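Heads up, the thing below is written out as C-alpha cells.
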Amino acid sequence: MAPMDMDRTACYRAISTRDARFDGRLFVGVKTTGVYCRPICPARTPKFENVVFFASAAAAQEAGFRPCLRCRPEVSPELAFWRGTSNTVSRALALIETGGLDDDDVESLANRLGVGARQLRRLFRRHLGASPIAVAQTRRVLLAKQLIHETSLPMAEVALASGFGSIRRFNETFLQMFGRAPATLRRHRDKAKRDADALSVRLAYRPPYDWDAMLSFLERRAIPGVEQVAGGSYRRTIAIGAHAGTIRVAPADKNRVDVTIRFPDMSALAQIIARVRRVFDLAADPDMIGAHLAADPALAPLVAARPGLRVPGAWDGFELAMRAIFGQQITVAAATRSLGKLVGLHGAPLPLSMREEGLSHLFPSPVRIARLDPADLAMPGARARAVTSLAQAVSDDPSILSPSASLEEAVAKLRSLPGIGEWTAQYIAMRELREPDAFPAADIGLLRAMTDKDGRRPSSAQLLARAESWRPWRAYAALHLWAAGSGPLLAAETTDEREAA
C-alpha cells in the first residue's frame, strides 16, 4: 500500500481486525470525536463513514485531529516504509529530528538537501501527507506526550526536552489540542520512570529484530572507554554541545527498546532519541525489505535465516570516519585497540558524576585530533596525515558528514576528504548517513560471500551489476552477505582500501 494511495476499504478492514501489520503504516481520524488512532486501538471501531485515513501522524494532526489517549500514537513504530522511493524525505526527516527546523525555515532545509522548498513540500505531501513544518510540530507534541505519560519530568522540562521554544507555547498547544493543561494528561505518577539523574523512555520498532546480530556487531567495534556491550545492552558516552553524559539501550517487551539517559541538558533529548533510532535502525520495515531482497535466489535463504537483520548506524559521523580510516588494512580488533589508545590519550574525561564501569572518556573531538602531530599517531605516515587532515576538514565544516542531496553526491563529497576512498565513503553513507542503498561493492567480505559453487569470486563490477536488482535496499543486502560470510557478522573494516580504490 503506497503511503498516499490508501484504499479505504482495505484500511477499514485493517482497523476492524486491529491488524498489527499496519501499526505505524496508517492512522485513522474519527470525525465524531476529533481523535486520531493507531489501527490497533482497543476502542470500539467507528463507522466506515465516520473515519478518514492518513499516512502519518503529522497528516492527521495537520487535519485537526488530536492523538488518542488510549492507543497513544506517540509509541507506535516509526516506519520509513517509503524510504526506498524518496530518500530526500528520509534525509529531510533526519535533519528535522536533530533540530533542522528549530532555528531554520523550510527554505534553508531544502537548500541543505539540494532541492527547492516547493519541491520539498510537494515530496512531504506525497509521502507523508503533511508539510515539513507540520511534521516538526507533530514530533514535538508526540514526544512531549510520551514524556508526560512515561516520566516524572516537571512540565517545564518536558517542554524543553520536546523542543518547544517556551512554556507558554507548550501550554497553548496542548490546550488547543486536548482542551486541557498538559499536566492533566499525567495519570500514573507512581509508574514514572525517572531514577535520580537518569531518564528512561521506550522506543518502538517493527518485528522481527535480530538483537544478537546487532549487539554482536556493536560489541566487536566497541571503543574502550567510550562504548561497552554487556548483559544484553549497549552503553556509551555521549556529548552534545558543551554537555556530556551516557546512554544505555536494551531490548524490552512488546517490540520496544528501553533507553536510559543520563544527561544534564534536557533540551538535547530529542537529538539523543533521534540518534538512538539511527544507531539501532528502528525505522526499518523488515517485512518489506526482506520480501524485496528474497526475490533473488542467492539472498532468499539468508533473509529467511535472519529476517530481522538491521543496518547498524553510527552515533557520530566523525567517530565513524575515524574508525573507518583506522580500520583500513587491519583487523577490527586491531583498529578497536588503536582507537582505545587514541581515546585514552586525547579523549576528554567524562565528568566524575557521569562515569560508569567501562565508560570513562568521550571520543576526541575533530578540533583536538586536528591539532595533533601526525608523527604522534601510531600508524603509517600517510594514514596518520589522513586522520589529522580529515579532522581539520570536519572542524572547518561539521556539516560535511550530514545528509546530502543523493547517495551519489554524498559519496562524491566524502571521497573528496583526505583518506576516504570508495569503500570508506560507502561505509560511512551506510552507517552514518543512513543511506539504505549504500553498497561497498569492493568489500572483500561481500565478494567472498558471492563466490559461486565453482570457487569463482566476482569482481566488484560484476557484484555491482548483480546488486542492481537489490536496489533500493543494497545496504541490507550487504549486511546479509556479511552475516553469512563468517560467524555472527563479518568484519567490514578489514577491507583493503587499495583494492577498493
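Overview of results
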item	result
Residue ranges of helices (runs of 4 or more DSSP H) in region 148-267 with at least 2 members within 30 Å of TYR476 (Cβ to Cβ)	211-220
From GLY114, GLY64, residue being surrounded by fewer than 20 Cβ atoms within 10 Å (Cβ to Cβ) and free of Cβ contacts under 8 Å to residues at least 40 places away in the same chain	GLY64
Residue list for region 390-420, restricted to those being outside any helix (DSSP H, G or I), farther than 23 Å from ALA110 by Cβ and either modelled with pLDDT of 90 or more or aliphatic (A, V, I, L, M) (or both)	LEU417, ILE420
Any hit, region 37-47, residues being assigned to a helix (DSSP H, G or I) and modelled with pLDDT of 90 or more	no
Selection status of VAL52, among the hydrophobic types (A, V, I, L, M, F, W, C), more than 29 Å from ILE240 (Cα to Cα) and touching a Phe, Trp or Tyr at 6+ places or on another chain (Cβ under 9 Å)	yes
Odd one out for ILE428, checked against (1) under 20 Å from the mean Cα position of the chain (by Cα); (2) part of a loop (DSSP other than H, G, I, E, B); (3) of a type outside the set (S, T, N, Q)	(2)
Residue ID - farthest from ARG275 (Cα to Cα), chosen from residues in region 319-344 that are touching an Asp or Glu at 6+ places or on another chain (Cβ under 6 Å) and outside any helix (DSSP H, G or I)	GLN329
Answer residue from region 421-447, given it is buried (at least 23 other Cβ atoms within 10 Å of the Cβ) and β-branched (Val, Ile, Thr) and is farthest from LEU120 (Cα to Cα) among those	THR424
Identity of the residue in region 137-165, surrounded by fewer than 21 Cβ atoms within 10 Å (Cβ to Cβ) and small (Gly, Ala, Ser), that ends up farthest from LEU69 (Cα to Cα)	GLY165
Scope region 459-481; condition in a loop (DSSP other than H, G, I, E, B) and either of a type in the set (A, V, I, L, M, F, W, C) or under 22 Å from ALA304 (Cα atoms) (or both); matching residues	ARG471, PRO472, TRP473
Some residue of region 79-98 being farther than 21 Å from LEU407 by Cα and either outside any helix (DSSP H, G or I) or touching a residue at least 60 places away in the same chain (Cβ under 8 Å) (or both)	no
Qualifying residues in region 228-267 (those that are touching a residue at least 40 places away in the same chain (Cβ under 8 Å), under 17 Å from ASP197 (Cβ atoms) and among the aliphatic types (A, V, I, L, M)) - the one surrounded by the most Cβ atoms within 10 Å (Cβ to Cβ)	ILE238
Subset of region 126-139 (residues that are part of a helix (DSSP H, G or I) and either touching a residue at least 40 places away in the same chain (Cβ under 8 Å) or touching a strand residue (DSSP E or B) at 6+ places or on another chain (Cβ under 7 Å) (or both))	ARG126, HIS127, LEU128, PRO132, ALA134, VAL135, ALA136, GLN137, THR138, ARG139
Considering residues of region 6-46 that are aliphatic (A, V, I, L, M) and under 18 Å from PHE178 (Cβ atoms) only, the residue surrounded by the fewest Cβ atoms within 10 Å (Cβ to Cβ)	ALA43
Complete set of residues in region 290-304 that are out of contact with any Gly (no Cβ under 7 Å at 6 or more places or on another chain), part of a helix (DSSP H, G or I) and over 17 Å from ASN255 (Cβ atoms)	ALA291, HIS292, LEU293, ALA300, PRO301, LEU302, ALA304
Positions within region 27-79 being under 20 Å from LEU203 (Cβ atoms), of a type in the set (A, V, I, L, M) and touching a helix residue (DSSP H, G or I) at 6+ places or on another chain (Cβ under 6 Å), in sequence order	ILE40, ALA57, ALA58
ASP287, sole failed condition from (1) modelled with pLDDT of 95 or more; (2) in a helix (DSSP H, G or I)	(1)
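The values are calculated or read from the model by the stated rules, or taken from the named source; none is laboratory data. As the structure is a computational prediction, the values presented were derived from the model and not from experiment. Here the Cβ is made from the backbone with ideal geometry for all residues, glycine too, and neighbour counts use every protein chain on show.
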